[in-house]
Amino acid sequence: MKILAVDPGLKKIGLAVSDPTGTVARALAVLKRGSLQQDCVRILEVAHCEKVERIIIGSSHEPGTRMNELARFTHRLLASLRAATPIPASLYDESFSTQRAREALTARGTERRMRRSPDDALAAAAFLQEYLDVQADQSN
């Protein structure tokens, strides 16, 4: 099953996609944020082009805590996607995905100045890979 990961930020949205077997994640694109409707349309365009069967949206909001601006946007984005497409969409805890992306860049020998702000698509790929690994472990 091919899956699209969406890593929403205050200024940009990182996208990553899995291979058709749902085994390996790869960074795909970074979108500049627009209106909620524009963001939803562009994400769905990518979803249809990539022929994904599921969308996961990264969320680092912890239950029981007050939602910040990004958490509110993430929940509104989820609701908009669910209303606009039959493709199942859900939240996934992407806490520390930026840190994991930074560690991956370090392991690849990327220059320090490039590691300071890892690509949002790499953060999406990091939490998508974690999601894929968890799904694989659960099916074994």
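Laboratory data are not the source of any read-out in this text; all were calculated from the coordinates shown. On a predicted model such as this, the values are computed, not experimentally measured, just so you know. Cβ atoms come from the backbone with ideal geometry, glycine included; neighbour counts cover every protein chain shown.
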Proximal lysines relative to Lys12, as straight alpha-carbon distance under 19 Å, when same-chain residues fewer than 8 apart are discounted:
Lys32
For Lys2, distant residues with modelled amide H under 5 Å away:
Glu53
Search the structure for amide H atoms under 5 Å from the amide H of Leu91, placed 1.01 Å from N in the peptide plane, and list their residues when 5 or more places away or on another chain.
Ile57
Would you mind pulling out the separation of the Cα centroids of the stretch 21-86 and the stretch 121-139, in Å?
15
Counting Lys and Arg as +1 and Asp and Glu as -1, what is the net charge of the other residues whose Cβ lies under 11 Å from the Cβ of Ile87?
+2
